[in-house]
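Student: Submitted below is the structure of interest, expressed as structure tokens.
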Amino acid sequence: MRYILLVMLALVSQGGNALAWGDEGHKIVCEIAFRLAQPDTRAAVRKLIRSDTEFDTFSESCVFPDHPRKRASEHFINLARNSQGLISDECPQAEKCVLSAILNDSQILGSKSAKKADRLLALKFLGHWVGDIHQPLHVSFEDDRGGNNISVSGKCSGKLHSTWNTCLVQNAVGTELRMRLTNSSTRSLRR
């Protein structure tokens, strides 16, 4: 199971062009992580997901923390306007943030003594957190609330956060990719 965390963290470090995610983006991040995982890790993920009563695939389960919003303070990191960036894995302005969430859920997922239900929950959260930490607006200044206090206009008008998370991603990947990912992840789960 520790390989899941390593794969997900490898994805974080391969930033490239930054995109943020609504549901589709979270599913894409988790599908990529699943496909890049070692065969024994994919088997362990499949085994955990098969016990889930709500989701059929790992990629689908990565939206769990948003519907409804669970552990709200752990979806982001707030920085002060004069911040020079992150200097440790500690949350800079709160007791909990996405950094502490990744560390805590990876420990539960990797624990041999944790209950299966707890490891399943940790897997669903961990997949989501890795998607969140990819989002530039989830590592942001507290006063602009991750872009929720900034309005934009144009094809994807509205609040900057929603525009970045959903509209831009949906326009970039289109329905064809979303359908391929859904069909592929369903097939890969049953193998």
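The values are calculated or read from the model by the stated rules, or taken from the named source; none is laboratory data. Keep in mind that what you see is a predicted model, and the values were worked out from it rather than measured. Neighbour counts run over all protein chains shown; Cβ positions are idealised from the backbone, glycine included.
Student: Test Val139 against the criterion of being under 20 Å from Trp164 (Cβ atoms), touching a strand residue (DSSP E or B) at 6+ places or on another chain (Cβ under 7 Å) and either of a type in the set (Val, Ile, Thr) or touching a residue at least 40 places away in the same chain (Cβ under 8 Å) (or both), and give yes or no.
Tutor: Here the answer is yes, as Val139 does meet what is asked.
Student: A follow-up question, please. State the number of residues belonging to the stretch 65-89 that are of a type outside the set (A, V, I, L, M, F, W, C), assigned to a loop (DSSP other than H, G, I, E, B), modelled with pLDDT under 95 and surrounded by 11 or more Cβ atoms within 10 Å (Cβ to Cβ).
Tutor: 2
Student: Oh, and also: Would you mention how many residues in the stretch 92-107 are crowded, with 19+ Cβ neighbours inside 10 Å and not acidic (Asp, Glu)?
Tutor: Step one: list which residues in the stretch 92-107 are crowded, with 19+ Cβ neighbours inside 10 Å, which gives 97-99, 101-102, 105-106.
Within this subset, residues satisfying the condition of being not acidic (Asp, Glu) are 97-99, 101-102, 106.
Going through the stretch 92-107 one residue at a time, the tally reaches 6.
Student: Can you tell me which residue in the stretch 127-175 is nearest to the chain's Cα centre (by Cα), limited to those that are within 26 Å of Glu60 (Cα to Cα) and hydroxyl-bearing (Ser, Thr, Tyr)?
Tutor: Thr166
Student: Follow-up. Out of the residues in the stretch 148-178 that are of a type in the set (A, V, I, L, M, F, W, C) and either modelled with pLDDT under 60 or outside any helix (DSSP H, G or I) (or both), which is nearest to Ile49 (Cα to Cα)?
Tutor: So, considering only residues that are of a type in the set (A, V, I, L, M, F, W, C) and either modelled with pLDDT under 60 or outside any helix (DSSP H, G or I) (or both), the one nearest to Ile49 (Cα to Cα) is Leu177.
Student: Residues in the stretch 94-126 that are of a type in the set (Gly, Ala, Ser), farther than 18 Å from Ser61 by Cβ and out of contact with any strand residue (DSSP E or B) (no Cβ under 9 Å at 6 or more places or on another chain): how many?
Tutor: Residues in the stretch 94-126 being of a type in the set (Gly, Ala, Ser), farther than 18 Å from Ser61 by Cβ and out of contact with any strand residue (DSSP E or B) (no Cβ under 9 Å at 6 or more places or on another chain): 3 in total.
Student: Identify, by number, the condition in (1) touching an Asp or Glu at 6+ places or on another chain (Cβ under 6 Å); (2) in contact (Cβ under 8 Å) with a residue 60 or more places away in the chain; (3) among the β-branched types (Val, Ile, Thr) that Thr166 doesn't meet.
Tutor: Result: Thr166 fails condition (1) only.
Student: Among the residues of the stretch 103-128, write down those that are within 24 Å of Gly25 (Cα to Cα) and without any contact (Cβ under 8 Å) to a residue 60 or more places away in the chain. Lay out the reasoning, then the answer.
Tutor: From the stretch 103-128, those within 24 Å of Gly25 (Cα to Cα) are 103-106, 109, 119-128; that's our starting set.
Correct list: Leu103, Asn104, Asp105, Leu121, Ala122.
Student: Looking at the stretch 25-64, which of the residues that are among the acidic types (Asp, Glu) and assigned to a helix (DSSP H, G or I) is surrounded by the most Cβ atoms within 10 Å (Cβ to Cβ)? Working first, answer last.
Tutor: Within the stretch 25-64, the subset among the acidic types (Asp, Glu) is 31, 40, 52, 54, 56, 60.
Narrowing further to those that are assigned to a helix (DSSP H, G or I): 31, 40, 60.
Values: Glu31: 22, Asp40: 10, Glu60: 24.
Here the residue is Glu60.
Student: Any residue in the stretch 20-35 that's small (Gly, Ala, Ser): show its pairings with residues that are modelled with pLDDT under 85 and outside any helix (DSSP H, G or I) at Cβ separation under 9 Å, as long as the two are six or more apart or on different chains.
Tutor: Hits for this filter: Ala20/Gln135; Gly25/Leu19; Gly25/Gln135.
Student: When you look at Ser113, is it within 18 Å of Arg46 (Cα to Cα) and either at pLDDT 95 or above or not in a helix (DSSP H, G or I) (or both), yes or no?
Tutor: In short, no.
Student: Sticking with this structure for a sec: Contact list please: Cβ distance under 7 Å, first residue in the stretch 50-74 and in contact (Cβ under 8 Å) with a residue 24 or more places away in the chain and within 17 Å of Gly25 (Cα to Cα), second residue surrounded by fewer than 17 Cβ atoms within 10 Å (Cβ to Cβ) and of a type in the set (Lys, Arg), pairs at least six apart or on different chains.
Tutor: The qualifying pairs are Pro65/Arg71.
Student: Among the residues that make up the stretch 31-52, is at least one of them touching a His at 6+ places or on another chain (Cβ under 9 Å) and modelled with pLDDT under 95?
Tutor: no
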